Amino acid sequence: MKAIANFAQLVEAAQAAGPKRIAVAAAHSPEVLASADELNKLGIARGYLVGDAPTIESLARQRGLDLSGFAIVHEPDVEAAARRVVALAREGDADVVVKGDLKTSQILKAALDRAKGIRTGKLFTHVGIFEVPGMERLLYMSDSGVILNPTIYEKLEIIKGVVEVAHKFGLEVPKVAILSATEVVDPKVPSSVDALALAKMAQQEVEGAIVDGPMTLDIAISAEAAERKGFDSPVAGQADILIVPSVMSGNTAAKAIQYLAHGRMAGLVVGARVPIIINSRADTAETRLLSTAMAVVLAG
């Protein structure tokens with residue numbers, strides 16, 4: 001498979017893999033329903049819209065949305081809706097779980113439930129992919145949405161999760177940069193110490209990737225910056241994947257790409273039986289569509 005290099009190719013790959021069955025919790029939102037309409041038209045996804053049925057039907061009529069590929073399941077309580085979509089995935093009736101108009105913690109609580117969730121034994125981690133103006137490849141980032149301050153062992157699992165995603169997107173040997181505020185190991189900067197250890201651990205435990213760090217963002221993505229700083233690494237200036245120190249740093253970087261650099265994003269949670277989409281409630285229908293396309297390619 002040729003590596004997916006932009007979101008147009010991502011959508012094409014999702015159309016080829018789809019339609020897959022998605023289950024959306026608290027689907028009574030205009031942006032959620034607009035993305036469902038587009039997913040249906042593109043042949044990417046069909047499935048279940050779980051939420052306040054009268055509101056869903058009213059919004060669809062008002063906006064002229066075609067939801068014919070979706071079964072509408074009336075469940076106005078958002079936490080019950082989260083449990084309902086997780087049950088659909090657990091029972092094999094849904095290939096993707098999608099967060100609608102509810103909190104991320106509510107959908108993840110249902111997914112992580114030891115008795116009725118969709119655990120696999122792997123760490124749940126968030127993988128974002130970005131189409132950035134001026135870049136000829138997609139940029140992957142993890143974890144910017146789930147593990148607030150990961151330990152070094154959790155960071156190793158984060159690397160494994162995002163590398164697996166990159167492999168499924170056609171990157172045979174992705175280059176992974178472990179980010180810090182400095183490219184020099186400094187005991188006063190714990191993320192730099194972690195990065196050095198992680199790079200060594202990854203040599204033994206991560207297959208099919210080149211991992212290096214610590215690295216600052218400019219060195220990771222700019223060959224010119226790496227050259228000026230005299231940083232020699234097969235990853236420098238060519239990173240496909242950025243491993244961030246914490247959710248705060250990753251979330252800030254993701255928002256900066258979207259709102260300052262005018263980039264586009266797709267993202268989801270891996271580690272469960274099926275991909276889980278946890279888009280922000282402020283995200284557009286396009287971001288939701290792209291995230292679902294990402295999930296459909298992974299589910300395929």
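For the structure I just gave you, tell me whether Lys160 is closer than 25 Å to Arg288 by Cα and without any contact (Cβ under 8 Å) to a residue 60 or more places away in the chain. Yes. Within the range 21-45, restricting attention to residues that are in contact (Cβ under 8 Å) with a residue 60 or more places away in the chain and in a loop (DSSP other than H, G, I, E, B), the residue that is surrounded by the most Cβ atoms within 10 Å (Cβ to Cβ) is Ala27. Counting only residues that are part of a loop (DSSP other than H, G, I, E, B) and more than 18 Å from Leu108 (Cβ to Cβ), the range 147-177 holds 7 of them.
Scanning the range 126-134 turns up one or more residues that are charged (D, E, K, R), touching a Phe, Trp or Tyr at 6+ places or on another chain (Cβ under 9 Å), surrounded by 17 or more Cβ atoms within 10 Å (Cβ to Cβ) and outside any helix (DSSP H, G or I). So for the range 231-239 (the condition being out of contact with any Asp or Glu (no Cβ under 9 Å at 6 or more places or on another chain), farther than 26 Å from Ala5 by Cα and in the same structural domain as Ile159 (by TED's automatic domain parsing)), does at least one residue qualify? Within the range 231-239, not a single residue is out of contact with any Asp or Glu (no Cβ under 9 Å at 6 or more places or on another chain), farther than 26 Å from Ala5 by Cα and in the same structural domain as Ile159 (by TED's automatic domain parsing). Considering every residue within the range 199-214, establish whether at least one is within 16 Å of the chain's Cα centre (by Cα) and modelled with pLDDT of 95 or more. Checked the range 199-214: no residue is within 16 Å of the chain's Cα centre (by Cα) and modelled with pLDDT of 95 or more.
Residues that are out of contact with any His (no Cβ under 9 Å at 6 or more places or on another chain) and either among the β-branched types (Val, Ile, Thr) or surrounded by fewer than 23 Cβ atoms within 10 Å (Cβ to Cβ) (or both) within the range 89-101 comprise Arg90, Glu91, Gly92, Asp93, Val96, Val97, Val98, listed in sequence order.
Please pick out the residue among Ala177, Ala82, Ala166 that is aliphatic (A, V, I, L, M), surrounded by 24 or more Cβ atoms within 10 Å (Cβ to Cβ) and over 22 Å from Val296 (Cα atoms).
Ala177
Filtered by the rule that a residue be outside any helix (DSSP H, G or I) and more than 18 Å from the chain's Cα centre (by Cα), the range 11-20 gives Gly18, Pro19.
Annotation for the range 15-31: no member residue is more than 14 Å from Asp101 (Cβ to Cβ), of a type in the set (Asp, Glu) and not assigned by TED's automatic domain parsing to the domain that holds His167.
Just checking, how many residues over the range 183-217 are surrounded by 15 or more Cβ atoms within 10 Å (Cβ to Cβ), outside any helix (DSSP H, G or I) and out of contact with any Gly (no Cβ under 9 Å at 6 or more places or on another chain)? The total comes to 11.
For (1) within 18 Å of the chain's Cα centre (by Cα); (2) more than 23 Å from Leu156 (Cα to Cα); (3) in a helix (DSSP H, G or I); (4) at pLDDT below 95, each residue gets a yes or a no:
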site: Val235; (1), (2), (3), (4): no, no, no, no
site: Gln238; (1), (2), (3), (4): no, no, no, no
site: Lys255; (1), (2), (3), (4): yes, yes, yes, yes
site: Gln258; (1), (2), (3), (4): yes, yes, yes, yes
site: Gly267; (1), (2), (3), (4): yes, no, no, no
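Could you list, in sequence order, the residues of the range 230-246 that are out of contact with any Leu (no Cβ under 7 Å at 6 or more places or on another chain) and surrounded by fewer than 19 Cβ atoms within 10 Å (Cβ to Cβ)? Gly230, Asp232, Pro234, Gln238, listed by residue number.
Have a look at Gln238, Gln258 and point out the one that is touching a helix residue (DSSP H, G or I) at 6+ places or on another chain (Cβ under 9 Å), polar (S, T, N, Q) and farther than 16 Å from Gly128 by Cα.
Gln238
Residue-wise test of (1) under 29 Å from Glu12 (Cα atoms); (2) in contact with a helix residue (DSSP H, G or I) (Cβ under 6 Å, 6 or more places away or on another chain); (3) not assigned by TED's automatic domain parsing to the domain that holds Asp240; (4) not acidic (Asp, Glu).
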site: Val98; (1), (2), (3), (4): yes, no, yes, yes
site: Ser105; (1), (2), (3), (4): no, no, yes, yes
site: Ala115; (1), (2), (3), (4): no, no, yes, yes
site: Asn149; (1), (2), (3), (4): no, no, no, yes
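When Thr120, Thr151 are checked against the criterion of being in contact with a Lys or Arg (Cβ under 8 Å, 6 or more places away or on another chain) and surrounded by fewer than 15 Cβ atoms within 10 Å (Cβ to Cβ), a single residue qualifies: Thr120.
The values are calculated or read from the model by the stated rules, or taken from the named source; none is laboratory data. Predicted model only: the values in this text are computed from it and were never measured. Neighbour counts are summed over all protein chains in view; Cβ atoms, including those assigned to glycine, are modelled from backbone coordinates with ideal geometry.
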